[in-house]
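Presented below is the structure to which this report refers.
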Amino acid sequence: MEVILKQDIEKLGFTNDIVRVKDGYARNYLIPKGLAIIANDTNRKILAELKKQQAFKADKIKNEALTIAKALEGLSLRIPAKAGTSGKIFGSVNTVQIANAIKEARNIEIDRKKIHLDEEAIKELGNYQAKIKLHREVQLEIEFEVFAE
């Protein structure tokens, strides 16, 4: 029997895949638990339309990410921090401060969860790099300097 998966199932397939399984597995487990639906003509047409809409949305999101990446290209940030004489920062610099610095520099809001640092938080003055993952296919690195106020 062929079924359309409604969610990812390990060792079977991913969401919206059409897979062939044994009749009993489909009727007694997958369909009653809401993990799959029968792959009849109607459901196949609905799936095709859904995939078309998802492809359009994914393309739009990727284009927006590319636009933001071009705007951020070559950006070098300076982030002020209170520091002692030895170069240690009172507190730390994390993704929130980097997101705020990007907003001030280019007026582009980036979710702090999309910014990744090699370290969890920066605790010393100096030059660093951060990776920004705007989309699974669109990533860029920005350089920033942490300096004493």
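Worth a mention:
- Residues of the range 102-121 satisfying the condition of being in contact with a strand residue (DSSP E or B) (Cβ under 8 Å, 6 or more places away or on another chain), at pLDDT 90 or above and more than 12 Å from L72 (Cα to Cα): K114, I115, H116, L117
- Exclusive hit being touching a residue at least 40 places away in the same chain (Cβ under 8 Å) and either closer than 30 Å to E143 by Cβ or among the β-branched types (V, I, T) (or both), set A65, A71: A65
- Only strands (runs of 3 or more DSSP E) whose full extent lies in the range 30-149 are considered here, and none of them has at least 3 residues that are among the hydroxyl-bearing types (S, T, Y) and within 30 Å of M1 (Cα to Cα).
The values are calculated or read from the model by the stated rules, or taken from the named source; none is laboratory data. This one's a predicted model, so the numbers in the text were calculated from it and none came from an experiment. All Cβ positions, even for glycine, are placed from backbone atoms using ideal geometry, and neighbour counts span all protein chains on display.
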